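Peer 1: Shown below is the structure under consideration.
The values are calculated or read from the model by the stated rules, or taken from the named source; none is laboratory data. Because the structure is predicted, anything quoted here is derived from the model rather than measured. All Cβ positions, glycine included, derive from the backbone under ideal geometry; neighbour counts span all protein chains shown.
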Amino acid sequence: MKFTVGEIAQMLDGTIVGDDKITINSAAKIEEGRPGCISFLANSKYESYIYSTQSSAVIVSKDFVPKKEISSTLIYVDNAYTAFTILLEEYQKRIANDKSGVEQPSFLGENSSTGAGCYRGAFSYIGKNCTIGDGVKIYPHTYLGDNVTIGDYSVIHPGVRIYDDTIIGKNCIIFANTVIGSDGFGFAPQADGTYKTIPQLGNVVIEDDVSIGANSTIDCATMGSTIIRQGVKIDNLVQIAHNVEIGKNTVIAAQSGVSGSTTVGEQCIIAGQVGIVGHITIANNTKIGAQSGLGKSIKKEGLSLSGSPARDLNEHLRSMALVRKLPEMEERLKELESKRETSDVQERN
């Protein structure tokens, strides 16, 4: 990273209070800032650090009013957290653009094509009839099967495996060792107790602006497509089964799993270690808390759910509060039973 404060402010549509000619060469937490660094303040809990930080510049929201003198140059923006994210994205793009050309050994199959400015890392394999867009970065030890399409400026990190017929949109990021298009878990039980494998003949379609974390798996459809819609963000170690559809701008945290033929709506938030059964539908804007188990369709939009089985968040919290009181309630019950027994004995006498 090497920008002047003026360049950063222009990029973020911000207003500078201080020296616009300072050079920034790295980013840092506000509490760990050093000269040459840029930090941000988006949470009031960290405000005390802005008065002592050594960062050369700090991005702050327009409603921030200093309570005492600040040595750092300030860049005022509409939303400090969003602005800092935009800055990091720009930095990441510049790093990615440093990679170009073809490293050897690598393989490009028959009738496959790559666009302008592509990077193919060493030991990468691209099968037959693949179409790779402009500016795509394919890092070392990546495998692409036949008939794969990847849109412009997508990044495929090391060790990713992309099976035949997968379609990936523009500006996608797929992190290391993720597998896309492997067979879904399809087995038909037989009369003799064995299982017969059901061929998985479909593919995976990933739309634009999708991010998929490391070591995740997205299975191909039995027939048709497993679909990840535009803007979806998937964490590490997530399992998406065959014929699942994930709606636009939904986020899924680590170690969650979505079973086959389930449709997840748009703008949903699925926290870590959530398990979702197959063949259900989840409405738009649904929020599911960590370690929840969802076993039925959610038809009403905007619900917050938690627990296993998952239920309304407020109901779950009330239940948990009662659970914590169970030992006390047990003691009270024993006391009442003892008093009742004593009373019964007295009445008989």
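Peer 1: If only one of 152, 146 is under 27 Å from residue 200 (Cα atoms) and in a loop (DSSP other than H, G, I, E, B), which one is it?
Peer 2: Numbers: 152 fails: under 27 Å from residue 200 (Cα atoms).
Exactly one residue qualifies, and that residue is 146.
Peer 1: Search region 285-307 for residues being polar (S, T, N, Q) and in contact with a Gly (Cβ under 8 Å, 6 or more places away or on another chain), and hand back the single one that is nearest to residue 262 (Cα to Cα). Show your work before the answer.
Peer 2: Step one: of region 285-307, the residues polar (S, T, N, Q) are 285-286, 291-292, 297, 304, 306.
From what's left, in contact with a Gly (Cβ under 8 Å, 6 or more places away or on another chain): 285-286, 291-292, 304, 306.
Working: 285: 16, 286: 14, 291: 18, 292: 16, 304: 19, 306: 19 Å.
Once the filter is applied, the top-ranked residue is 286.
Peer 1: What's the total number of residues in region 201-235 that are buried (at least 24 other Cβ atoms within 10 Å of the Cβ) and among the charged types (D, E, K, R)?
Peer 2: 1
Peer 1: Of the residues 269, 282, 246, only one is touching a residue at least 12 places away in the same chain (Cβ under 8 Å), touching a strand residue (DSSP E or B) at 6+ places or on another chain (Cβ under 6 Å), closer than 18 Å to residue 229 by Cα and surrounded by fewer than 18 Cβ atoms within 10 Å (Cβ to Cβ); which?
Peer 2: On the way: 282 fails: surrounded by fewer than 18 Cβ atoms within 10 Å (Cβ to Cβ); 246 fails: surrounded by fewer than 18 Cβ atoms within 10 Å (Cβ to Cβ).
One residue alone meets the criteria, 269.
Peer 1: Can I ask one more? Give me the pairs, please: first residue somewhere in region 309-326 and outside any helix (DSSP H, G or I), second residue anywhere and of a type in the set (A, V, I, L, M), beta-carbon distance under 8 Å, and either six or more positions apart or on two chains.
Peer 2: Cβ pairs passing all conditions: 309/294; 310/288; 310/294; 311/305; 312/303; 312/305.
Peer 1: Which of (1) modelled with pLDDT under 95; (2) assigned to a loop (DSSP other than H, G, I, E, B) does residue 122 not meet, given it meets every other one?
Peer 2: Here residue 122 meets the rest and fails (1).
Peer 1: Still on this structure, please answer the following. Scan region 301-324 and tell me whether some residue there is surrounded by fewer than 19 Cβ atoms within 10 Å (Cβ to Cβ) and under 24 Å from residue 226 (Cα atoms).
Peer 2: yes
Peer 1: For residues that are without any contact (Cβ under 8 Å) to a residue 24 or more places away in the chain and of a type outside the set (Gly, Ala, Ser), scanning just region 158-190, find the one that is surrounded by the most Cβ atoms within 10 Å (Cβ to Cβ). Outline the logic, then answer.
Peer 2: Filtering region 158-190 for residues without any contact (Cβ under 8 Å) to a residue 24 or more places away in the chain gives 159-162, 187-190.
Imposing the further condition that a residue be of a type outside the set (Gly, Ala, Ser) reduces the set to 160-162, 187, 189-190.
Numbers: 160: 23, 161: 17, 162: 27, 187: 11, 189: 9, 190: 9.
In this case the residue turns out to be 162.
Peer 1: For region 140-157, how many residues are out of contact with any Lys or Arg (no Cβ under 8 Å at 6 or more places or on another chain) and either within 15 Å of residue 98 (Cα to Cα) or surrounded by fewer than 22 Cβ atoms within 10 Å (Cβ to Cβ) (or both)?
Peer 2: Residues meeting the conditions: 5.
Peer 1: Take the residues of region 49-105 that are among the hydroxyl-bearing types (Ser, Thr, Tyr) and crowded, with 17+ Cβ neighbours inside 10 Å: which is nearest to residue 17 (Cα to Cα)? Spell out the reasoning first.
Peer 2: At the first step, the residues of region 49-105 found to be among the hydroxyl-bearing types (Ser, Thr, Tyr) are 49, 51-53, 55-56, 61, 71-73, 76, 81-82, 85, 91, 100.
If we keep only those that are crowded, with 17+ Cβ neighbours inside 10 Å too, we end up with 49, 53, 55-56, 72-73, 76.
On the way: 49: 18, 53: 16, 55: 14, 56: 12, 72: 9, 73: 6, 76: 8 Å.
Step by step, filter region 49-105, then rank; the result is 73.
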